[in-house]
Structure formats: C-alpha cells, structure tokens
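Notes to accompany the following structure.
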Amino acid sequence: MAEVFIGFGSNLGDRQENISRALGMLKDQPGLEIKKVSSLYETEPVEMESSNLFLNGVAEIRTSLVPQRLLSLLEEVEQRLGRPRESKGKVLDREIDLDILFYNDLIFSIPKLTVPHPLIHRRKFVLLPMLEIAPEFEHPYLRVPLKKLLTDLETEEKVTRCPHLTISL
C-alpha cells in the first residue's frame with residue numbers, strides 16, 4: 001500500500017459540503033483508505049482571478065492504486081461534483097479540486113501528473129495542513145522538512161485555519 005497525500009480545495013457553492021462529498025466518494029473506493037484529514041483553511045485564490053475564497057486542506061490516504069489510476073479516480077470525482085476544466089488557459093472557480101501532492105517518496109513526471117506536486121514549496125495553503133497531519137514529513141525531491149519550507153516561504157498569502165468547520169466522512 002502506498003502512502004499518498006491529496007490536496008483538496010473548493011471555492012464554489014457549499015465549500016465544506018463539496019469537500020465532504022469528494023472525500024466520501026474517495027472513502028468508498030476499493031483499494032483506498034483515508035487515514036487522516038487536516039483542518040480546513042480559508043484562503044484567497046492563488047494564481048487566478050476570483051473573489052471567491054477557497055477552503056483547502058490535505059488528506060493522507062493509503063492506497064493500492066497506481067498513480068495513474070489514482071489520478072483518474074480524482075478526476076472522476078471532480079467531474080461528478082461539477083468541476084469545470086480550464087477555459088482558454090484561464091483557471092476557473094470550482095466546486096472541488098483534488099491534487100496528488102506526494103505518492104510515497106516517489107519523484108516522477110508523466111503526462112498530467114508530476115509528483116511531488118511542483119508548487120508545494122510555494123503554497124502556504126498546502127504546507128500548513130500537511131504539517132498538521134504529517135509534521136515530520138520531508139519533501140522527497142528537495143530533501144528538506146516541510147517545516148523548513150514553510151519557514152522559508154516569503155508570501156503575502158493569507159491562510160486562516162477554520163476550527164469551527166469539520167469534515168464528516
């Protein structure tokens with residue numbers, strides 16, 4: 001079984017419910033077990049134009065699915081929940097976004113998937129929930145603890161933990 005970290009986010013509709021539904025769909029898949037889910041964090045959109053705030057977090061899963069099959073499953077869940085694809089290179093608001101952040105300590109790039117996710121070290125909204133559920137995790141490519149990546153991160157990105165919001169599975 002592989003240890004995988006999945007980033008999730010939503011900035012349309014009932015964001016908390018969208019995330020709960022997506023994780024519920026994943027939980028029901030054979031060969032996949034959700035081990036931990038971080039708190040939710042509210043964030044401003046990054047690298048896109050929108051006035052809708054995101055709820056973001058990270059889930060740790062164990063799975064027998066190979067990376068390509070896991071990616072297909074995540075895309076199926078996104079599609080079932082109504083996620084639009086980019087339009088003319090423009091990133092759109094979405095009910096759900098699911099990304100493979102880490103897959104064991106593998107480092108690879110195939111069409112549509114790069115692991116570790118190439119922007120983790122620049123995204124506070126990923127690092128904070130990752131550190132909450134895996135405080136000792138080390139980035140397999142950079143060979144740096146995530147704590148150090150967060151400490152070194154220079155960003156104006158506002159990320160607020162939302163302890164009053166929880167995900168029920």
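Amide H contacts of L101: F5, I6, G7, each under 5 Å away and 5 or more positions distant or on a separate chain (H built 1.01 Å from N in the peptide plane; Pro and chain starts excluded). For region 74-156, the set of chymotrypsin sites (Phe, Trp or Tyr not before Pro) satisfying both a DSSP loop assignment and a count of at most 10 other C-beta atoms within 10 Å is empty.
Applying Stokes-Einstein at 25 °C and 0.890 mPa s to the Kirkwood radius of the chain, computed over alpha-carbon pairs, gives a translational diffusion coefficient of 152 µm² s⁻¹. Within region 87-138, the trypsin sites (Lys or Arg not before Pro) that combine a DSSP coil assignment with at most 14 other C-beta atoms in a 10 angstrom radius are K88, K112.
Every read-out reported here was derived from the displayed coordinates using simple, explicitly stated rules and does not represent laboratory data. This structure is a prediction, so every number in the text was calculated from the model and none was measured. Here the Cβ is made from the backbone with ideal geometry for all residues, glycine too, and neighbour counts use every protein chain on show.
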